[in-house]
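The values are calculated or read from the model by the stated rules, or taken from the named source; none is laboratory data. Computed from a predicted model, the values in this text were never measured in an experiment. Note: ideal-geometry Cβ built from the backbone for every residue, glycine included; neighbour counts use all protein chains shown. Surface areas here come from the heavy atoms of the whole protein model, side chains and all, with no ligands, DNA or RNA. Shrake-Rupley method; radii C 1.70, N 1.55, O 1.52, S 1.80 Å.
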Amino acid sequence: MALVRTENLSKVYNPDTVPVHALRDVSVTIEPGEFTSIVGPSGSGKTTLLNMIGGLDKPSSGKVFINGTDITGMKDSKLIDFRLRNIGFVFQHYNLIPVFTARENISFIMLLQNRDKKEMLSRADELLDKVGLGDRKDARPKEMSGGQQQRVAVARALASEPKFILADEPTANLDSSSAMNLLDIMSRMNKEQNVTFVFSTHDQRVIDRARRVITMVDGAVDSDERRENGNDNEKE
Amino acid sequence: MLTYFKLAWRNIWRNRRRTLITVSAIVFAVIAAVFMQSMNRGSHEMMLDNMVRFSTGYVQLQDYRYDDESSLDNSFYYDSSVRDRVLDADPNIDMILPRIETFMLAANGAATRGSILLGIDPEKEHRFNELENRLSKGRFIERDDAAVMLGEGLAERLQLTVGDTLVLIGRGRFGMSASGLYEIAGIVEFPIRDLNNQVVLLPLPEAQYLLSADDYITSLLIAPRSDRHTGSVAQSLNEAFADEELVAYTWAELLPELLELFEFDLAVPRLLTVVLYIVIGFGFFGTILTMTLERLREFGVLLSVGMKRGKLALVVFLETLFISIIGVLTGVVASWLIIYYFHRNPVELTGDAAQAVVDMGWDPILPMSFAADQFYTQGFFVFAIAMIVFLFPLLKIVKLNILEAARS
Ligand SMILES: Nc1ncnc2c1ncn2[C@@H]1O[C@H](COP(=O)(O)OP(=O)(O)OP(=O)(O)O)[C@@H](O)[C@H]1O
Ligand SMILES: [Mg+2]
């Protein structure tokens with residue numbers, strides 16, 4: 001079964017005043033284990049599509065299925081819970097909880113899932129090691145660089161053991177070496193642990209690393225290209 | 001749960017400046033509310049204190065008929081055995097002051113004025129209300145003197161002064177005629193206008209002799225060790241003298257009109273207090289509004305990563321609770337210190353205001369009440385206002401649109 005499937009997804013902002021067709025009839029399918037990049041010019045609807053898939057916004061028409069479950073009509077409180085269990089988020093502006101340390105930021109997500117406390121801490125440490133921040137566990141966000149914060153955000157997104165991770169321009173605020181480093185981590189997790197990533201980007205080097213590139217133009221899918229070796233030019 | 005406490009606690013210290021602004025708003029609100037209350041109550045307390053100390057006493061023992069008809073015919077027998085029984089009635093009795101009181105005409109030969117003759121034990125009175133400190137001219141009478149002290153107002157009206165002779169004319173017990181000539185030993189300045197304009201003080205034995213009422217008094221003033229014993233002392237006395245024709249009253253029972261007047265007098269201050277609360281409420285609202293709007297994005301992120309609205313609301317509620325508690329406690333301590341200072345060192349009035357107050361018979365100061373309850377009631381009110389206003393961010397969280405918040 002497809003992990004994510006959108007069915008004729010459309011979104012019109014301001015339908016009554018100045019309608020903006022942000023999405024037009026988008027039908028895409030994402031399978032487990034994919035490393036998919038959504039690209040396209042500014043305003044082409046990338047963020048809108050990710051928000052729909054993440055259940056952060058409701059479509060004007062069409063449907064979104066996650067693992068076969070239709071989330072389009074789900075109630076808000078149920079949706080929050082569904083997101084917590086199924087989807088990990090990485091935002092452009094890191095968005096960690098500023099008063100929590102790296103470790104606390106990660107275990108907080110697991111706390112929301114009511115996990116066992118011991119398991120929470122050991123898993124947080126393990127994830128921080130994986131993103132290469134084993135020595136920054138007790139640092140607060142403002143004591144870390146943008147790249148480090150974004151790596152914590154990836155670790156946090158993984159902590160809840162989601163089915164897939166949505167990342168809207170995760171590298172947009174990073175310098176290029178931090179961006180590549182983040183991407184290395186993401187693609188390694190994708191390869192080694194089969195974590196599914198869907199991310200949007202403008203950055204050509206990031207696009208080059210994707211194994212599937214969905215190009216949006218004017219709210220519609222313009223091309224959908226699979227590149228088997230896309231993920232393999234990782235330099236280490 | 002602990003994590004939410006931790007999150008809330010750290011959140012309030014994340015933006016120290018913002019927290020300090022909110023806390024100081026609460027602190028000032030408490031100080032303003034207590035200050036206003038204290039000023040409103042201060043003058044009443046002073047009046048009451050004067051009334052109690054110079055007029056009624058905390059508890060008064062009377063013949064049960066005296067309340068209806070305040071005449072010498074309703075005086076009661078008082079000797080050392082009655083005194084001992086009174087003192088034995090309650091261990092919290094500190095002091096007792098026998099008085100005989102009646103209406104008499106006071107004259108200087110040409111002019112005549114109605115006056116209140118008070119037969120007192122001068123030394124005991126002084127211990128109870130520091131009467132000697134109120135002496136403005138002459139000397140303080142002694143127990144075996146046959147001389148009087150006059151209220152300053154009465155002396156002025158009769159144009160008499162120390163060394164002159166006062167004529168007293170009236171009726172003694174059971175219709176005996178009573179009249180006497182007394183040397184004026186001193187002039188006393190009473191802090192109650194009615195007393196100041198009417199009172200003639202005579203040592204008790206001489207007064208009893210003049211009124212043909214040897215061993216009789218009209219009232220026995222009783223001072224408890226502390227004013228909080230007032231009620232229980234009155235009750236003990238009523239039990240001890242249940243079989244006799246004596247009744248004990250508390251000052252509140254003796255001064256109902258005054259208490260009513262205070263109630264009436266409080267109407268305007270109450271209204272002002274409500275206005276103050278509204279101002280406080282709007283002040284809080286402004287602070288909390290900016291605070292909430294600044295944090296919408298943060299709230300949006302927390303909701304999008306899977307925090308339930310209820311949990312987020314709990315964290316924000318805890319934050320406001322912490323801030324309110326810190327603010328109110330600090331405010332109560334600060335106002336306690338400020339009021340303590342002004343209670344001990346009252347602001348002295350000058351000019352017209354001072355004259356107006358002196359004309360009323362009071363001291364020219366701005367008395368501040370130091371009653372304990374005003375600190376916690378005002379603290380509680382401000383706390384309640386803060387908690388009500390702080391519901392606003394909670395409402396906002398419940399209604400928050402995640403995407404709009406994350407974009408802001
Ligand atoms: N809340 C909104 N109200 C009205 N129009 C919106 C809203 N959000 C997005 N749009 C419009 O929808 C269209 C698609 O926006 P979207 O943010 O999805 O583009 P994008 O591909 O993510 O662009 P970028 O690369 O700049 O992030 C744009 O024309 C945008 O102006
Ligand atoms: Mg975008």
Query raised in the report: Of the residues that sit in region A:22-46 and are within 18 Å of the chain's Cα centre (by Cα) and open to solvent by 60 Å² or more (accessible area, probe 1.4 Å), which one is nearest to ligand 1 (Cβ to nearest atom)?
Result: A:31
Report task. Identify, from the list A:172, A:155, the residue that is away from every other protein chain (no Cβ under 12 Å) and assigned to a loop (DSSP other than H, G, I, E, B). Result -> A:172
Report task. Please enumerate the residues belonging to region A:133-173 that are within 16 Å of ligand 2 (Cβ to nearest atom) and hydrophobic (A, V, I, L, M, F, W, C). Result -> A:166, A:167, A:172
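Report, by residue number, each residue of region B:1-55 that is without any contact (Cβ under 8 Å) to a residue 60 or more places away in the chain, within 14 Å of chain A (Cβ to nearest Cβ) and not β-branched (Val, Ile, Thr).
Pass one, region B:1-55, residues without any contact (Cβ under 8 Å) to a residue 60 or more places away in the chain: B:1-3, B:6, B:10, B:13-17, B:20, B:49.
If we keep only those that are within 14 Å of chain A (Cβ to nearest Cβ) too, we end up with B:1-3, B:6, B:10, B:13-16.
Residues satisfying the conditions are B:1, B:2, B:6, B:10, B:13, B:14, B:15, B:16.
Only one residue in B:281, B:286, B:310, B:306 is of a type outside the set (S, T, N, Q) and either touching a His at 6+ places or on another chain (Cβ under 6 Å) or in contact (Cβ under 8 Å) with a residue 24 or more places away in the chain (or both), so which one is that?
Details: B:286 fails: either touching a His at 6+ places or on another chain (Cβ under 6 Å) or in contact (Cβ under 8 Å) with a residue 24 or more places away in the chain (or both); B:310 fails: either touching a His at 6+ places or on another chain (Cβ under 6 Å) or in contact (Cβ under 8 Å) with a residue 24 or more places away in the chain (or both); B:306 fails: either touching a His at 6+ places or on another chain (Cβ under 6 Å) or in contact (Cβ under 8 Å) with a residue 24 or more places away in the chain (or both).
Result of the check over B:281, B:286, B:310, B:306: B:281.
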Requested in this report: Please list, ordered by first then second residue, the pairs with beta carbon atoms under 6 Å, 6 or more apart or interchain, first in region A:175-196 and polar (S, T, N, Q), second open to solvent by 60 Å² or more (accessible area, probe 1.4 Å) and not in a helix (DSSP H, G or I).
Outcome: A:196/A:32
Requested in this report: Select, from B:316, B:305, the only residue that is more than 40 Å from the chain's Cα centre (by Cα) and more than 9 Å from chain A (Cβ to nearest Cβ).
Outcome: B:316
Query raised in the report: Pick from region A:164-180 the residues that are more than 16 Å from ligand 1 (Cβ to nearest atom) and at pLDDT 90 or above: which of them is most open to solvent (accessible area, probe 1.4 Å)?
Result: A:180
**Report entry** Enumerated strands (runs of 3 or more DSSP E) restricted to region B:51-141, each holding at least 1 residues that are out of contact with any helix residue (DSSP H, G or I) (no Cβ under 9 Å at 6 or more places or on another chain)
**Finding:** B:93-107, B:135-138
